[in-house]
Structure formats: structure tokens, C-alpha cells
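To start, the structure under review is shown below, and the notes come after it.
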Amino acid sequence: MTVSVDTERTIRLTVNGVPREATVPVRRLLSDALRHDLGLTGTHVGCEHGVCGACTVLVDGAPVRSCLLLAVQVDGAEVRTVEGLARDDGRGGQVLHPVQEAFRECHALQCGFCTPGFLVTIAAGLEGREASAELTDEEIDEMVGGNLCRCTGYASIEKAVRHAAATMRDVQ
Amino acid sequence: MKPAPFRYADPGSLEEALEVLSAEEGAKVLAGGQSLLPLLSMRLAAPATLVDINRVPGLDTVEATGDGVRVGALVRHNSLLGGHPQAMAAARVQPLLARATANVAHPAIRNRGTTVGSIAHADPSGEMTSVLALTDGSVTVATPSGMETVGWRDLFVGPLETSLSGPAVVTSAFFPALPDRSGAAFAEVARRKGDYAVCGAGVVVTLDEDRRVTAVRASYVSVGLTPEAHDLTDAVGGRSVEKADWAAAGALARTLVDPDGDLHASADYRRLLVGVLTERTLASAAVEAAERTPA
Amino acid sequence: MTTKLFGEPVRRREDARLITGRGRYLDDIGPGALAAAFVRSPHAHARIADIDVDAALDVEGLVAIYTYEDLTGPMAEPLPVLIPHPQLHAPRTGYPLANGEVNHVGEPVVMVVAIDRYVAEDAAERILVGYEELPAVIGVDAASAATAAVHGDVPDNVAARHHQETGDVEPALAASPHTLSFTQYIERSAGMPMEGRGVHARWDADDGSLRVYTSTQASTSVRAAIAAKLELSLDEVEVVAPDVGGGFGVKIMHPWPEELLVPMAAIALGAEVKWAEDRREHFISSAHERQQKQEITVGFDDEGRLTALDAHIWHDNGAYTPYGIIVPIITATQLVGPYVIPVYRVVVESVYTNTVIVTPYRGAGRPQGCFAMERTMDRIADALGLDRAVVRERNLIQPDQFPYDHHLTFQDGRPVVYDSGDYPGLLEKLKALVGWDGVDALRDDAEARGKLLGVGMALYVEGTGPGPYEGGHVQVLGSGKVLVSTGLTTQGQGHETSFAQIVASELGVPIEDVEVTTGDTRRFPYAVGTFASRAAVMSGNAIALAARGVREKALRIAADVLEADPEDLEISDGVVQVRGTPGASIPLRTVAVLSNPLRYAFDEAAKQATQFAVQAKDDEPPVSPGDAPGLEHRDYYSPIRSTFASGAHAAIVEIDPATWEIDVVKYAVVHDCGNVVNPMIVEGQVHGGVAQGVGGALYERMAYDSDGQLQNASFMDFLMPYASEVPDVVIDHQQTPSPLNPLGIKGAGEAGVIPGSAALASAIEDAVGRRITSMPISPTELYDLVRDPSAERTAVAERRAGTGAMA
């Protein structure tokens, strides 16, 4: 047979702009590969059946559940996690993403466990829209509505989306 | 909740995919994986080999023609909601596709899950199985002996069960176009937004040149063991679109379905919703049908 | 300025790491650790005939397998009854691994340790356990019918009969102008934190010490339990609660079997071992709460004033009673709410069922008590044709009646004496906030849109901040950094911020200099835990007292240096200053250096404190008798009794009479937790609590079938609300400070969840005109109710029907 059928694979991918390589059993979930093989524990695992959204990461720019992907499926892909939201300020420090700033300002997190999934989903949503356009409730629902949070009751998260959108509009 | 061991291949062509599927005992196709991965993690499914078709070229196309819309096996749900260059054209040819897709789970799931995958999964709680039935659609299946077309009635044989056996890859689904002088609508009741529907309804209303109802067809989500299409024309056929009694169509629909009860809805409640959603979607579809029928 | 931080909405200091992925939760610790997985019972009630592990032995990467047979010493004995009580006459607890019998689906039977979790699950899957099934007892009705017994030696299934009374209820009822009786149910839900439980243990064979990280609400007590069960000296065990991804009560229960078994394996294997609970495990092995059947008889006069109340409650405690009868006691004593009840009797029968154990979930028996009392108020109003707010108003304890003694005994063994409050004030604010008097217009408007509209309200009083104590330690370093520690733990409440606010305010230092550590027994070994809305009250006050101790010492030392009277000194922005004399000052960090006379100068700051640098008096020792080196203080706060917070919620619902979907269109909260340390954090607690209250009322339930299988053990079917299901919440505040503690604060953690089911049941009943006797309620159940000819119509619905209004 010409096709290779494997139980283990070496994958190469770009995570938060950095080329990474890992040798993993083919059954390894992306969430586990990020956390345990690549040491990026900012991505959290809340249900492992795709409902809670805590493990959401961006694969080639789009939010996906990392517990519903095999690590081998992202071979060659670009992955962005919560650790990759802030950017270097060029002086050894970091500049937080507007959505990170907004979460702190609006008390949009309590225990913080679900937070990374919300942050990357909202970051992708806000980066993917025209910053000068008025933010609609429907857009906020799209960005917030697919993730579970047990602490905040969501009001502060919705407020943070508006806050971050305003920041991104102002800096435009 | 970690998958049991399996072997993995990601063939670069349909031929290779079929080769692996033929060679490996207990092999299963992986496309979007949004239904399959939870089953693997809960160890409710433990295929010996996963054949990941994501690297197979040519399966991510959407073709919208006068006849209908053909959706390739790797087209993600969100592509039909605007991500794909042909999404607008597809929505014009068969608006039910996007209208139903908007009810599928949440955006992060829709970014990965595929229309064809949810059909191949044959979940009667899925929106796309229902739309395939409603539009009288079919799937194209690649097998070692060639390509086959399988109509929806022959495809769905039970909950999470299709008639496909042996090495096979569903390469596309075809949704016939919305007929002339027709309108369509889709609506769901779900416990939480994004959940599997407690009940969903899709309908197509077709008028004649005098804007009289000539055909009414409906299909439901989470009602029955397999997707079904129901002809409700008897309840309202021949009436002018403005005067049609959509509630009568709803009442007829209630007599035609045989829903089961579960944790989230009794059978009676589902039957109630079949009536209500039929009436409501028909009213909305009728407006569209009238708009598409010159007075 | 630094001194006005108390009461300010200071942004959280913990967020910096949590929003950048640098939090450290249990499963982030020990990346190379071995992984544990469990074989859990698939049956609700069965005898274990045999355990065959042979097939698992071939799994590559398997390290060890443990069954009950491998447990020795105290580990082979039953788990502790953590909170014994004289009325808990038949306490029963399980074993760390099942000993011959299982009593609920999910009970751990075998522990597997392997190189990672995938492999551990592979091995666990191959272990064959032979079971002989026994009849399962599911639900309070089956338990009290007692046709089968959960525990063979408790044939009536009654673990405890908790009984309190404040007078002779039967004559009081007989003498009442009116009485009514009713029965109602409230179902099971669970705290369901986003992070499950988890334990990581590391044994240091060289010095014989064990370090355990556990996702807990009670690290000091887990430490004591591990020491006792593994026969270690307390000083050989350290327990640390890292960042904890939510608790809501389920993590106050301890020691969980895994908290003992994982350290046991780490010692036996000489390796790091970790167990991170997955969601399926959490559903079937971590505690639930809430199911009760309530039979209420109430007496009242023509004005709707209570004359007597008799409550007989059956409380489902699950398979075991490790947490005693805390939840039943809280239901029994908090049921009375903000009302004067002349004669009250309550009996709570705590019964065994073959289900997951029941221990506190946010609210801990209060939502059920509130449901009983508030639905009683609704019934009285309906019976007399009075406005529901009016009936409540007539029964409220008045502001001049504090302290108000209910003559009951609370969960802390102390009397239920309300310290302060203004309940009529709450009710007034609530009516204004929700628009209570304008609801009829809303009802008409909704009717015109084809919707049924209803409004409901519920009031509660919440005993918060029970003892016995918490402690705090505050230390100023020579760098100026202020280290603060307390033993209780944090699960998202923002203690790093609110405790820092307290210290910054008390000590007069910039909050940036303050670092707070919670839940680490290495830093503070004495503590009780985080539950019952007690962290701010208990540790907040203890830390305030510790900070005051540091301040006093700092002023004493500074007074010597500045040759001033301590009375004339103030501390501001980290500098001790003679009031009104600019220039006469000394930085607090220097005071810290001077507080510790040194022989060795290891840095520039230390040089100032060496024995040759300090102007020591030759006739006095460098450290005075009774004094101690260092600028630090440890103190404890131990309250005489709990403090009582209060609040009132109202909800407006709209119901679609075609689909019976329930839409909460407005949710109003008035909240009183005394003085507030950080209003932003308190508001966050209220919002989160309301979301859980709404979830518990309309979406969540643990659905067991009659065989004891949990039918919805996933986030797909256990319907925790997304943003789309949580209504907008409007909040108003009232502050009646507690006279019981130095800061005047009351707890705020649980309040938001308490009245949800009561208020929403009332609103739905108001909308559909049918009596709601069971919560939660879903559209399919509401549909069943409205077409059930035997379902009781409310009197107000009959009256509205008479006037032609929709019902």
C-alpha cells in the first residue's frame, strides 16, 4: 500500500508564530498535545466533548475546539493559543491584546478556567471584523454564545467584548 | 475520556482513501470529526483505523447550478454561511441550506464540522439530514467499483446508521434547487441556543401561477428514527396563498409523525412542536413563495 | 493615595496571569507525572463478586493497579464522617476503593496508574469486575418507602432525623384562623465547576516529605486527612491549592478518595502521580445537591400574618453521609428567611439513595429552604386574594427588631440570631427595581403579543461567615514588599485583590506592594476552608487584625527612630510620618529592616540593621523581652456566631403559549452584604449566582433513571446555561453593616443563587395560572402541567378568568 498507516507521527506546526515539532501517538487530542507535549498549559480542558469551549484555539485563524481535533490533523497548520494573544513590546515585555485588557477592566473572569477559550474566540471575532463598524448584539452572541462559564453569568464578558471593540475602533 | 488506540492514515487522493479503507479492518472515515471525536473520547466508538480525508483534493467545492447545490465532503458548515465564494449563489439556489446550517451547534463547531459529515453520521437530530430529505437530495459515494449516487431514502436506514457498507467515501451531497414559485423556511426549538433541537421543522411551499398552493412538503429534526419528508399538500392544496390555513397543515403534520420522548421532550411535546413549527415556518415560507410568484 | 482602597472597585490582581495563560491549575502541574484512572461502578447498587485484572497487565505503560485488597491501616477503614452530629444516627461512608459493595454508579473500585492518562484508561477498560446487582433506591420517595435499603443495616434508609422547634406547633396551627398544606419537590443539580477535581502528589524519599496539590476548598483539612490516613506526621505533609477552576462547594467536600489514593500511590511508587478528573467522572463521582420533598403546613390570620409553620422535609443525601447533615440543618434553619414566625417546627429526614453523595453546592440547602418559605408566602397571598408583596411585607422582621433571635441552632452549632438588616427596605427597592406595581400593564401588553407574562419574587436571609475561625499573617519585608497569607483557599473570588485591599487600607501601603497567598499549608497551616460565604468575613477580618498588629509594631519602632509618640504617627504610601511634620518620616521598609537586628549584612538594606549600625542601648537586649524580630504579625478572627446577609430577587417571565418556552425578560436583584470590600467583585458574585439560580430553575437537573443510571452525564444533556440562557440582571444595593466583626462585612458568595427557583416558580405560576409544585421546570413539563385537568389552578387565575383575562 502506498499510504502510510501509523500509530505515531511527528508533526510540525507553527504555534503562536513559533515553529514547533512533536512526536505523538496518532490518538493524541490537540488539546493534550498543546498542553502536555508542547507545554502550553494556557489552553484548558473542560469537557472533552466539544461543548464547553474552554479548549478553543485558533487553527489557521478560525476558532475550533482543540479537544475535537487530533494533533496529527494540524500538521502544517498555524495554531494560536491564549499565550499568543499578547504581542512583544520590543522591550522584553508584552502588550496585552485589547480583549485581554477588556477582560481585566470589565471583571469578565473569576476562576479563569474558561477564560482562554473566550479570549481566543473573541479575539478572532474582533480581528475578523471591520473595526469601525458598529458592534451588534448578534455579533456579540456569535463570539460569546458557544462557550460555557460557570462563574460570571456572562454579563461582564459581553461588556468586555464591547469594551475591546471600542478600543480596537479607537486605535484604528 | 481519551480515545482508545487506533491507526491513522491521511491519504492524498480518493483512490488512496479507498485503498486504506479496503485494506484496514474496521476503518472509519474522518472528515470534520465534530460528531466522531466525542464518541472516540467517550470510547463509545473505537474504530481500528481512522482514514482522514482532509488532504484529499477537490472535496471542498460548492457548486450552485440551476438544478441545485452540490456540497463537497470537506465543506465546513460555516462555509455555507458565507465563508465559501459560492455561498451566496448556493443560498439563492437552495436557501434552506444556509437557513438550516445557521442552527447547527456553535461557530467553533461549524468551523470544523462538515455538511456531508453530518449527513453521513445519519443523526436524526441533525439539521442537514432533514434538509436532504426535505429537498429530496442525494449523496455521491466513492467505492472501489466507482462512483454511486444514493438517494436520501435509501441512505438513512436507522439512527446513526446508513446503508453504506464496505469501503466508501461520501464525496458530496446534492440538494436540488428550490422549485420556481416556491418559498422555504426552517425553524427550531432547542433547550439552549446551539443545542440539538428538541424539534426542528423545514418546509417548502410551492404555488401555481395564480398563487394557489400546489405543494407543501415538510421535514423534521429530532422526530422519528430517520429523517422523513411529509407531504402536507392535502391540508392546504388549492387554496390561495393568502387564505391558506397553515394551522390545518400543522394539524395534519401532527398526525403524520411518530416522535419519541427523551429527557428534554416528551413524545407529546414533540408532536405539539411539529404542529406549531409547521404552521410558523409555512407562514414564513408562504411569504417567500408569494414574493417569488409574479401576481 | 493608598488608604481608601477598601470599598473601591479595584481591578483584580490575579487577572494578569489568568488572561495570559499563565495560571497554574492542577493539571498544569507535574507534566511528567504518572497518571491515574479509575474503574468505577457501572451499577447503582451491587456486591462485588470478583475483580480480574489479568487482561490489563499486558498494557504497555501500565505501572500499578490497586484494589481494596491493597489498602492497609487506616486506608482500609471507611472514609471519615467529617462533621458528626448527634442527630446523624446512622452515618455511613464509603471506602477509598469499594470494599465488596458499591452504592452508586461512579463509585471507585480500582485505581490504575500508568505512564499517561490514555494508557491508564486502556488498562482500566480491560479490568473485569464481576457484580451481583442489588435493588437500587433512587429518589426521596423510594428512599422513604424503604421497600429496599441502600445500606443493609439501615432498613428505613434514614441517616438522620433533624428536628428543631420553637414552640408547640400543633395547638398553634389548630388555633390559626386559616391553614393550608402542600407538598412540593426540588430536584438535583450540581456545582459543576469548569475545572473538575484533581490531585497531584510528589513524595520526596530523601527527606520523607509529601507535597500534594489538590483542587480543593480546604487544603489544611485535606492535609490533616492525608496525614491521618497515610499515617504520616503532619509536618511531613504539605498541601497546596493552586489556581482552582471553580468550586461552588463540591471541592469543600474532602478527603475525596482520590485525595488519599494518589498520594498513597506516589509514596508506594516513589514517583509523581497525578489524577485529573474528566467530565464524565465528575458527573458520576463528584457531589450533587438539592433534591428534597417538602410537606408544609402553615397557619395564618386574615391579614396573611403567619401564626405557625410546620415543615416536614425529606432530603436525599445520596449513598453516604461524609459531610454530615450540614445541608439539612441549613435548609431547616434558613427556611425561616426574613420573616417573624411565631411557632416553627421542622423535621428533616436525611435519606440514603443509591446515587452520588450530596454535599453543599453554592447555597447549600438555602435554595430549598427559600423555595419552601417563599412558595408558602405565594400560597397565602393566593388564598387570601392579597398581593404577594403585601403578604411578605406584613410578615417581615422590622429594622428595630435586631438582633433578632429565631431560637434555632445553626450549622455552626450557634444560635440563629440575625445581626442586622433592613428587610422592608429590600422589599421596597425590589418593587421599584422590577416595576412590581406596573406589571398588569406589562401583562396586557404581552397578551396583545400572544404571550403569557408573569412576575414573581423571593426574599432570603443567608447565614454567612460561620466559624470556628480563620487566620491571617502579614509581614513587611526589607524590600517594602508586604506578604499576606491566609489558610483558606480561592476558587475565583478574587481574594488576592480584596485581601490586598484590606491590607493596603489598614497598613497604609500601595496595593502594588502587597502579595497575597491563600490555601498553601506551607504559608499558613491553620484554616477551616472556603464555604458558606465566609472568606471575606473570616479571613478578611483576620487579615485586617494581622495588619493592625503590624501597624502597631511599625509605629512603635518608628516612634523610637523618629523620637516621636506613636500616637502622632501615620502610615501613608508605605512611609511612616510624623503627622504634620514633613521630613520627619521613615519608609516602612526601613522599619522592617530595623525590626530584625542582624549580625550579617547580606545586602545594602541589611547593613542598616547590623549590630554595629543600630544605636542599641547597652542595658537592653537587641530584641526586647516579649518582642520578636521581624515586622510581621499573625492574628485570628473567631466570630461569636454567623452574620446574616439578605436579599430579594424578582423575575418577569414571558411564556409562549404555543411552545411553552419560558423567557426570563427581566431579573432584578437587591442585595445586602453589609460593608463591601470590592463592589466590582461582589457584583460579579451576584451575576454568577443568578446564572446558577436560573440554570437550577429552568435547565439543570441530574436525571437518574430508576436503575440509578445518570441519563445526562455530559454537557450536551446537563443543560448549564450559555450566555443565551442567562437573562439581563439589574442590581440595586443596600448596606446594613454587621456589628459582629471589625470590618462590618457579611458574606456575598452564595447569595445570587438562593432565590432563583422560588422567584421563577412564582413568576411562571403567575403567568400560566397553574400551581407549580416542582422545580426545575422545562417547556415539556410546563406543557404537561397546563393540559393536566387535575393540575390545580391558582385562585388568582380563576379570578382573572372571571374578568376575561387570559390565563
Please build a GNM for chain B, connecting alpha carbons under 10 Å apart, and tell me which residue among B:145, B:130, B:41 fluctuates the most. B:145
Going by Cα centres, region C:1-78 and region C:393-462 are how many Å apart? 41 Å
Any of C:251/C:746; C:431/C:746; C:4/C:481; C:251/C:553; C:666/C:746 with alpha carbons more than 31 Å apart? Name them for me. C:251/C:553
Can you compute log10 of I(q)/I(0) for region B:62-176 with the Debye formula, treating each Cα as one identical point scatterer, at q = 0.10, 0.15, 0.19, 0.22 Å⁻¹? -0.25, -0.58, -0.94, -1.25
Neighbour-limited loop hits for GluC sites (Glu not before Pro), region B:1-96 (at most 11 other Cβ within 10 Å; DSSP other than H, G, I, E, B): B:25
Taking chain A and dividing mean pair separation by its residue count, relative contact order in percent (alpha carbons under 8 Å, at least six apart): 22 percent
With +1 on the Cβ of every Lys and Arg and -1 on the Cβ of every Asp and Glu, the dipole magnitude of chain C about its Cα centre, in debye rounded to the nearest 20, is 1160 debye
Value of [θ]222 nm, deg cm²/dmol, for chain B, DSSP H segments ≥ 4, -39500 (n - 2.57) each, nearest 500: -8500 deg cm²/dmol
Which values, in whole Å and largest first, are the semi-axes of the equivalent ellipsoid of region C:325-403 obtained as the square root of 5 times each eigenvalue of the Cα gyration tensor? 28, 15, 11
For a quick check: with amide H placed at 1.01 Å from N, whose amide H comes under 5 Å from residue C:584's, ignoring anything fewer than 5 positions away on the same chain? C:578
Could you work out the relative contact order of chain C? I mean the mean sequence separation of Cα pairs under 8 Å and 6+ apart, divided by the number of residues, in percent. 15 percent
Using helices alone, I'd like the mean residue ellipticity at 222 nm for chain C: each DSSP H run of four-plus residues gives -39500 (n - 2.57), total over residue count, nearest 500. -8000 deg cm²/dmol
Mind checking which of B:13, B:50, B:39 is farthest towards the positive end of region B:7-55's charge dipole, using Cβ charges of +1 (Lys, Arg) and -1 (Asp, Glu) about the Cα centre? B:39
How big is the equivalent ellipsoid of region B:7-55 along its three axes, where each semi-axis is √(5λ) from the Cα gyration tensor, reported in whole Å from largest to smallest? 19, 12, 6
Percent RCO, i.e. relative contact order, over region C:606-695, from Cα pairs under 8 Å lying at least 6 residues apart: 17 percent
Strictly greater than 11 Å: what percent of every Cα pair in region C:739-784 meets that? 74 percent
Exposed-loop-free span, longest in chain C, where chymotrypsin sites (Phe, Trp or Tyr not before Pro) count as exposed if DSSP calls them loop and at most 11 other C-beta atoms lie within 10 Å: C:1-599
Note, residue C:674: beta-carbon cut-off 14 Å, +1 each Lys/Arg, -1 each Asp/Glu, net -2
Scan region B:93-166 for trypsin sites (Lys or Arg not before Pro) in coil per DSSP, keeping those whose Cβ has at most 15 other Cβ atoms within 10 Å, and list them by number. none
Under a point-charge model restricted to the Cβ atoms of Lys and Arg (+1) and Asp and Glu (-1), what is the dipole moment magnitude of region B:62-176 relative to its Cα centre, in debye to the nearest 20? 400 debye
Where N is the number of residues in region B:182-291, Cα Rg divided by 2.2 N^0.38 Å: 1.04
Which of the listed residues, C:262, C:282, C:471, is farthest toward the dipole's positive end in the protein assembly as shown, when Lys, Arg count +1 and Asp, Glu count -1 at the beta-carbon? C:471
Among C:385, A:34, C:355, whose Cα sits farthest toward the positive end of the charge dipole of the protein assembly as shown (+1 at Cβ of Lys/Arg, -1 at Cβ of Asp/Glu, about the Cα centre)? C:385
Tell me which GluC sites (Glu not before Pro) from region C:186-293 have a DSSP coil assignment and no more than 13 other beta carbons within 10 Å of their own. C:231
If you look at just the Cα atoms of chain B, how large are its Rg and its Dmax in Å? 19.4, 63
The protein assembly as shown: translational diffusion in µm²/s, Stokes-Einstein, Kirkwood Rh over Cα pairs, 37 °C, 0.692 mPa s: 100 µm²/s
Quick test of the membrane-span-like rule: which DSSP H helices of chain A reach at least 15 Å along their long axis (C-alpha atoms) with mean Kyte hydropathy at least -0.5? A:115-127, A:155-171
Just how large is the dipole of chain A about the Cα centre, in debye to the nearest 20, putting +1 at every Lys and Arg Cβ and -1 at every Asp and Glu Cβ? 460 debye
So for region C:624-711, what are the equivalent ellipsoid semi-axes in whole Å, largest first, each being the square root of 5 times an eigenvalue of the Cα gyration tensor? 45, 22, 12
Roughly how large, in nm² to one decimal, is the mean projection of the convex hull of the alpha-carbon atoms in region C:676-807? 12.3 nm²
Per residue, the convex hull volume that the Cα atoms of chain C enclose (Å³): 182 Å³
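Readers should treat all values here as calculations from the given coordinates under stated rules, not as data from a laboratory. The structure presented is a predicted model; accordingly, all values stated were derived computationally and were not measured. Cβ sites come from the backbone with ideal geometry, for glycine too, and all protein chains shown count toward neighbours.
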